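Structure first, then comments.
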Amino acid sequence: MNFPILSSLILLPIVGALFLFFTKDKEGNNSTAKYVALFTTVVNFLISIYLWISFDQSTSSFQFVEDRVWIEGFINYKVGVDGISILFIILTTFITPICIISVNNSVKNRLRDFLIAILIMESFMIGVFCALDLVVFYLFFEAGLIPMFLIIGIWGGERRVYSAFKFFLYTLLGSVLMLVAIISIYWITGTTDVVQLYEIGIDVKYQNLLWLAFFSSFAVKTPMWPVHTWLPDAHVEAPTAGSVLLAAILLKMAGYGFIRFSLGLFPIASEVFTPLIYTLSVIAIIFTSLIALMQEDMKKLIAYSSVAHMGFVTLGIFTLQQQGIEGSIIQMISHGLVSAALFLTVGVVYDRMHSRLISTYGGLVSVIPKYSILFMLFALASLGLPGTSGFIGEFLILMGAFKDNFLVAVIASIGVILGAAYMLWLYKRVIFGKLINKDLKTILDLNRSEYFILSCLAAPILFFGFYPDPLINTIEVSVTDLINMHNTNIASK
Amino acid sequence: MENLNLVLPEIFISLSIMFLLILGVFKKNSSKITFNLSLFTILITAIITLNETFSVSRETLFNESVVIDSMSSLMKIITLIGGFLVLVISSSYLKTFKIYNIEYPVLILSSILGMMVMISSNDLIVFYMGLELQSLALYVLATYNRDQLKSSEAGLKYFVLSALSSGLLLYGCSLVYGFSGSTNFDIISNQLNSNEYVLTFGIVFILVGLAFKISAVPFHMWAPDVYEGSPTTVTLFFTIVPKIAALTVFIRFLYVPFLNLIDQWQMIIIFLSIASMVFGAVAAIGQTNIKRLIAYSSIGHIGYTLAGLATASNEGIQSSIIYISIYVVMNLALFSCLLMLRRKDQYYENIEDLSGLSKNHPLLSLCLLVILFSLAGIPPLAGFFAKFYVFKAVLEQSMFFLAIVGLLSTVVAAFYYLRIIKIIYFDKEKDKYDTDHSLWLKFSLTVSTILILLYFIFPSQLIEVVSRINII
C-alpha cells in the first residue's frame with residue numbers, strides 16, 4: 001500500500017487542532033493561532049490538489065483506497081475516492097482556509113476555540129466524502145454535528161441557542177433512521193462495505209424501506225422542502241464562517257449521499273421514488289424562491305436560495321441521466337463557491353453596519369464600488385448567468401430533466417426565472433438606489449484580506465463557467481459507470 | 001472437598017471486612033488507615049479475580065449453588081474497579097461533610113461482597129442472601145450523611161421500597177420453587193415448562209423485584225429521590241455498582257432457569273426497555289438538579305441495556321454488558337465533574353450552577369462536553385458505540401419497533417444533554433469554583449474522559465473480552 005494520503009487529509013486538521021489546543025490562548029493577540037490554522041488548512045489544500053493531479057480520470061473504480069480492520073469481522077476502516085467524491089474533498093479543503101481568513105472581524109472572543117472547531121469540522125467533512133464503509137460514513141456524518149452545534153451556539157447571533165438546538169435535533173432525528181437502515185443492511189448482506197455492496201446488490205424487497213430511511217436523513221440535511229426550516233435559522237444565526245461552512249459543504253454531504261448511497265445501493269427504489277423527489281424538488285424550487293423574494297434579511301434570503309438550488313440538485317440526481325447527475329455535481333460545487341461568496345459578501349457589510357436587513361442599505365455602489373462589482377458577479381453566478389459556473393450546473397440539470405420528464409423541467413425552468421428575480425431585486429435594493437442611510441456614507445470598501453478571499457472565490461466561479469472541462473472530465477467516467485450499473489440493475493430485475 | 005480457591009475473592013473480602021471492623025473499634029482515629037486498607041483489599045480481590053478469569057471456563061461449587069464463569073469474573077472485576085474508584089474519589093467529599101468515618105469503606109466493602117455473591121449465584125437462596133447483604137449496606141450508605149434531612153429521607157424511602165421489592169422477589173422465588181422443586185437454577189431450568197399457568201406469576205414477581213433493583217420503568221419511583229438525597233459519592237456508587245450486579249442476575253435468571261419460558265418474559269423485557277428509554281428521556285427534560293437528572297438519565301440507559309437482553313441471543317447479552325461497562329465509565333466521569341463543583345466547602349449540584357463554566361474552567365467544561373455528548377450517543381464517542389452494539393443485536397432479531405423507538409428516544413434524550421451543554425457554553429458565567437481537587441479525582445476524570453474520547457480507535461478489545469461470554 002502506498003502512502004495513506006486520504007487518512008493524512010483527514011488527520012492533518014485534527015493534528016492542527018491538537019496543536020492549537022496546547023498553545024496558550026492569549027486574549028487580543030491570537031494571530032499565531034490563526035496562522036497555525038491557516039497553515040494546516042493550506043497544506044491540506046495542497047495535498048488535495050496533489051490528489052487531484054495524481055487522480056486517474058480514466059477509471060471509475062475507487063482510488064487511493066485504504067482498508068484496515070477496525071472492529072474485527074464487522075467494520076473495516078475503508079476510505080477511497082472516485083470521480084464523484086474527489087471534487088467535494090477539494091471543495092472542502094478550498095473553502096476551509098477561506099473561512100479561516102475571513103474570521104478576522106466576525107469572531108470576537110475565544111478565537112482559538114473557534115479555529116479548533118473549524119479544523120475538526122474540516123476533518124469530519126473530508127471523512128464523509130471519502131468513507132467507503134457505511135458505518136464509517138455515518139460516524140463522520142454525525143460527528144460533524146458537534147462542532148457545528150458549538151459554532152452556531154457559542155459564536156452565533158441573538159437567537160443562537162434556538163437555532164443550534166433546532167439544527168442539532170432536526171439532523172439527529174433524520175439520521176437515527178439511517179443508522180437503523182445501515183445495521184439492517186449489515187444483517188441482510190453481511191457487510192457494510194460500499195464497494196462490495198455495489199457488487200452484491202440488496203434484495204429488492206428491502207430496498208424501499210431502506211431507501212426511505214436514508215432519505216429521511218439526507219432530506220433533512222439537503223434540506224428538502226418541507227424539512228428545510230432549520231436551515232434559515234441556522235444560517236442566519238451562525239457566524240459568517242459557520243454559514244459558509246454550512247452552505248458550502250455541509251449541505252453537499254446529503255447530495256453526495258444521494259448519489260453514492262441512494263442511487264448506488266437502491267437502484268430499484270430510486271426508480272420507485274423518483275416522482276416523490278421530483279415533487280419535493282419542484283416545490284422546493286418554486287416555493288422557496290417565492291419565500292426568498294419576500295425576505296427582509298439578506299442572510300435569510302441567501303439561505304432560502306440555497307434550498308431552491310439544492311432543489312435543482314436533487315432534481316438532477318434523480319433524472320438518472322448522464323447530464324442530470326453531472327449537472328447536479330457541478331451545481332453543488334458551484335453552489336459551494338457561490339453561496340460561500342454570498343455569505344462572505346453579506347458578512348463584509350454586516351461587520352461594518354451590524355445589520356443584515358436589506359432596508360438598512362441602498363446606494364452602496366457610489367461608496368464602495370469594488371464591493372459592488374464582486375457582489376454583482378456572485379449574484380449573477382447565483383442566478384446562473386452564462387459564463388459563470390452556476391450556469392453549467394443548472395443547464396445540465398435542466399437538459400437531463402427535459403429528457404426524463406418534460407413537465408417537471410418546465411416548472412423547474414420557471415424556478416430559474418424566479419431565482420433571477422430575487423437575486424436581482426436583492427442586488428438592486430442593496431447596491432443601487434439613493435443613499436438614504438447616513439451611516440453608510442462613511443462605510444469602508446473591501447480591505448486587503450476581504451478582497452483577497454472574494455477574488456479567490458470569484459476566480460474558480462468564472463474559470464469553470466467558461467471552461468468546465470476539468471470538472472466534467474473528472475466526474476464523467478464515474479457517472480457513466482454509475483448509470484450503467486443502475487441500468488443493468490433495473491434491467492436484471 | 002470443594003475447591004475453595006474459586007471463592008477466594010469472596011473469602012478474602014469478608015475476612016478483610018471483619019478485620020477492618022475490629023481495627024476501627026480498637027484503634028482511635030483510624031478512618032484514614034481503614035480507607036487505605038479497604039482500597040488495598042479491593043485491589044487484591046480484583047487481582048485474585050483477574051487471575052481466576054484466565055484459569056477457569058465454568059466451574060460450580062457447593063452443590064452447584066455457586067458458579068464461576070467468564071461472565072461472573074468480568075462483572076466482578078467491573079464491580080471492583082467501580083467500587084475502588086468510588087472509594088478513592090470519596091474522601092475529600094466526606095471530609096467536607098465531616099463524615100469521614102470507618103463505616104463508609106466497610107459498608108462499601110460489604111455491599112461489594114453482597115454483589116459478588118449475587119453475581120456468582122446459581123441458586124435462589126444464595127442469590128437472595130447476596131441481594132440482602134448488598135441492600136442492607138446500601139440503605140445505611142444512603143442515609144450516611146445523617147445530619148441532613150434529605151439524606152435520612154432518602155435512606156428511609158430506599159429502605160421501604162427496596163424491602164417491598166425484596167418481598168415480591170422472595171414471593172416469586174417461592175412460587176418458582178414450588179413448581180420446580182428446587183432452588184438450583186440448572187434444575188429449575190430442566191423442570192420448568194411453559195404449560196404451568198401459575199408459574200408466569202412467579203416469573204413476573206421475580207422480574208418486578210429485579211426491575212426495582214435496576215430502577216426500570218415503571219418501578220423507578222424511588223430512584224430520583226434517593227439519588228438526590230444521598231451524599232453525592234454514594235449516589236455515584238448507586239448509579240454504577242449495584243446496576244452491574246443486578247444486570248448480571250437479570251441475565252442469569254432470564255437465560256438459565258427461565259430460558260424455556262422466553263415467550264412469557266420477552267414481552268415484559270421489551271416493555272420495560274421501551275418504557276425506560278422513553279420515560280427516562282422525557283422526564284429528564286424538566287429537571288433542575290443534576291443528581292435528579294442523572295437519575296432519570298440512568299433510567300434511560302438501563303432501558304438500552306434491557307433492549308440488549310430482550311433479544312435472547314448471545315450477541316444481545318454481550319452488547320448489554322458492553323453498554324453497562326461504557327455507561328460505568330461515563331457516569332464515573334460525570335460524577336467526577338460534579339464533585340469538582342466546590343466553592344469554599346460547599347458543593348453545588350444544580351444545573352444552574354454550571355452556567356458559563358467554560359469561561360472559568362475551560363478544561364473541566366471540555367471534559368463535560370465530551371461526557372455529555374457521549375451520554376447522548378453522538379459518534380465518535382464511546383456512548384455511540386454502546387448504543388450501536390445494542391441496536392445491532394436488536395436488529396439482528398428483526399425487532400424494528402424496539403430499535404426505532406430506542407433511537408428516537410435518544411433524540412429526545414439528546415435534548416436535555418444539549419441543554420446542559422448550552423448552559424455550560426452559551427450562558428453567562430458565575431463565580432469561579434475551587435481548583436484544589438485531590439489527585440485521584442483529577443486522575444479518574446482524565447482517564448475516563450480519555451477513554452470515552454478515544455474508545456473509537458480500539459473498539460475491538462472490549463468486544464474481545466466480552467465475546468467470551470456465551471450463556472445460551
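Exposure proxy for A:Met310, A:Met353, B:Met330: other Cβ atoms within 10 Å of each Cβ, ordered fewest to most, give A:Met353, B:Met330, A:Met310. Computed from the C-beta positions of A:Tyr467 and A:Ser366, the FRET efficiency with R₀ = 45 Å rounds to 0.85. Counting pairs of alpha carbon atoms under 8 Å apart in space and at least six apart in sequence, what relative contact order in percent does the stretch B:262-472 give? The value is 29 percent.
Excluding A:Val107 itself, what net charge comes from residues whose Cβ is under 12 Å from its Cβ, given Lys and Arg +1 and Asp and Glu -1? All intermediate terms of the calculation are to be shown ahead of the outcome.
Values: positive: A:Lys34, A:Lys108, A:Arg110, A:Arg112; negative: A:Asp113, A:Asp351.
That sum, taken over residues with Cβ under 12 Å, equals +2.
Measure nothing fancy, just the Cα-based angle from helix A:204-221's long axis to the longest principal axis of chain A, in degrees from 0 to 90, nearest 10. Between helix and principal axis, roughly 10 degrees. Legend: mean number of C-beta atoms from other chains within 10 angstrom of residue C-beta atoms, peptide A:61-74, equals 2. Computed from the Cβ-Cβ distance with R0 of 35 Å, the FRET efficiency linking A:Arg68 to A:Phe452 stands at 0.30.
Could you list the GluC sites (Glu not before Pro) in the stretch A:56-163 that lie in coil according to DSSP, counting only those with at most 11 other Cβ atoms within 10 Å of their Cβ? Don't skip to the end; give the middle numbers.
On the way: sites: A:Glu66, A:Glu72, A:Glu122, A:Glu142, A:Glu158; in loops: A:Glu72, A:Glu158.
Listed in order of number, the matching sites are A:Glu158.
Placing a pseudo-label 7 Å from each Cα along the Cα-to-Cβ vector at A:Leu357 and B:Asn3 gives an inter-label distance of 8.3 nm. Highest mean first, the peptides A:279-291, A:196-208 sorted by other C-beta atoms within 10 Å per residue fall in the order A:279-291, A:196-208. The simple spin-label model puts a point 7 Å past each Cα toward its Cβ; for B:Asn101 and B:Ile22 those points are separated by 2.2 nm. Mean residue ellipticity at 222 nm, helices only, chain A: -25000 deg cm²/dmol; runs of at least 4 DSSP H residues each add -39,500 (n - 2.57), and the sum is divided by the number of residues. Per-residue Cβ neighbour counts within 10 Å put B:Thr96, A:Thr345 in the sequence B:Thr96, A:Thr345, beginning with the fewest. Positive end of the dipole of the protein assembly as shown (Cβ unit charges, origin at the Cα centre): among A:Leu364, A:Ile483, B:Ile378, the Cα lying farthest that way belongs to A:Leu364.
Sites listed here are GluC sites (Glu not before Pro) in the stretch B:44-139 whose DSSP assignment is loop and whose Cβ has at most 15 other Cβ atoms within 10 Å: B:Glu64. Residue by residue along A:172-184, Cβ atoms of other protein chains within 10 Å of the local Cβ number 6 on average. The lysine pair tally for the stretch B:262-472, using Cα distances under 16 Å and a gap of 8 or more places or different chains, is 7. Ignoring trypsin sites (Lys or Arg not before Pro) that are buried or in helix or strand per DSSP, and keeping those with at most 15 other beta carbon atoms within 10 Å, what is the longest stretch of chain B between them? Segment B:147-343 is the longest. Centre-to-centre, using Cα atoms only, the stretch A:78-109 and the stretch B:103-130 are separated by 57 Å.
List every DSSP H helix in chain B whose Cα atoms extend 20 Å or more along the helix's own long axis and whose mean Kyte-Doolittle hydropathy is at least 1.6. Provide the component values of the computation, followed by the final result.
On the way: long enough: B:8-26 (27 Å, 2.34); B:31-55 (36 Å, 1.10); B:70-96 (40 Å, 1.33); B:103-120 (25 Å, 1.66); B:124-142 (26 Å, 1.75); B:149-180 (46 Å, 0.88); B:199-213 (22 Å, 2.24); B:232-255 (34 Å, 1.56); B:262-283 (30 Å, 1.64); B:290-309 (28 Å, 0.77); B:314-339 (37 Å, 1.34); B:362-376 (21 Å, 2.61); B:382-396 (21 Å, 1.05); B:400-426 (37 Å, 1.95); B:439-454 (22 Å, 1.94).
Taking the DSSP H segments of chain B (at least 20 Å long, mean hydropathy at least 1.6), we get B:8-26, B:103-120, B:124-142, B:199-213, B:262-283, B:362-376, B:400-426, B:439-454.
Would you mind checking the stretch B:252-286 for residues with the amide N under 18 Å from a putative spin-label position 7 Å along Cα→C-beta of B:Leu61? Hits in the stretch B:252-286 for B:Leu61 at 18 Å: none. Distance from the Cα centroid of the stretch A:390-426 to that of the stretch A:174-195 is 35 Å (rounded to whole angstrom).
Just in the stretch A:338-446: which trypsin sites (Lys or Arg not before Pro) are loop by DSSP and have at most 15 other Cβ atoms within 10 Å? Show your work: numbers first, answer last.
Details: sites: A:Arg352, A:Arg356, A:Lys370, A:Lys403, A:Lys428, A:Arg429, A:Lys434, A:Lys438, A:Lys441; in loops: A:Arg356, A:Lys434.
Of the trypsin sites (Lys or Arg not before Pro), the ones in loops of the stretch A:338-446 whose Cβ has at most 15 other Cβ atoms within 10 Å are A:Lys434.
This model, with +1 at the C-beta of Lys and Arg and -1 at the C-beta of Asp and Glu, gives chain A a dipole about its Cα centre of some 1640 debye. Local charge for A:Ala420 was computed over the other residues whose Cβ lies under 13 Å away, with Lys and Arg +1 and Asp and Glu -1, and equals 0. Approximating the spin labels as points 7 Å out from Cα along Cα→Cβ, the A:Ile414-to-A:Ser8 distance works out to 5.4 nm.
A dipole drawn for the protein assembly as shown from +1 and -1 charges on Cβ atoms has a positive end, and of A:Pro97, B:Tyr128, B:Phe426 the residue lying farthest that way is B:Phe426. Each Lys and Arg Cβ is given +1 and each Asp and Glu Cβ -1; about its Cα centre, chain B then shows a dipole of about 1380 debye.
The charge dipole of the stretch A:266-493, taken about the Cα centre with unit charges on the Cβ atoms of Lys, Arg (+1) and Asp, Glu (-1), comes to about 860 debye, rounded to the nearest 20.
How high is the relative contact order of chain B, in percent, counting Cα pairs under 8 Å that sit 6 or more residues apart?
13
Based on Cα contacts under 8 Å between residues 6+ apart, chain A shows a relative contact order of 15 percent. What FRET efficiency do you get for B:Phe400 and A:Leu46 if R0 is 56 Å and r is their Cβ-Cβ distance, rounded to the nearest 0.05? After rounding to 0.05, the efficiency reads 0.75.
Ranking B:Val86, A:Val348, B:Val370, A:Val43 by Cβ neighbours within 10 Å, fewest first, what do you get?
On the way: B:Val86 24, A:Val348 27, B:Val370 21, A:Val43 17.
Exposure proxy ranking, most exposed first: A:Val43, B:Val370, B:Val86, A:Val348.
In terms of its C-alpha gyration tensor, the stretch B:45-200 comes out oblate, because a/c is 1.5 or above while a/b does not outweigh b/c. When chain B is described by a simple charge dipole with +1 on each Lys and Arg Cβ and -1 on each Asp and Glu Cβ, the residue from B:Tyr304, B:Val394, B:Leu8 located farthest towards its positive end is B:Tyr304.
Bear in mind these aren't lab numbers, they're just calculated from the coordinates by the rules spelled out. Predicted model, so just to flag it, every value in this text is computed and none were measured. Counting neighbours? That spans all protein chains shown, and the Cβs are built from the backbone with ideal geometry, glycine included.
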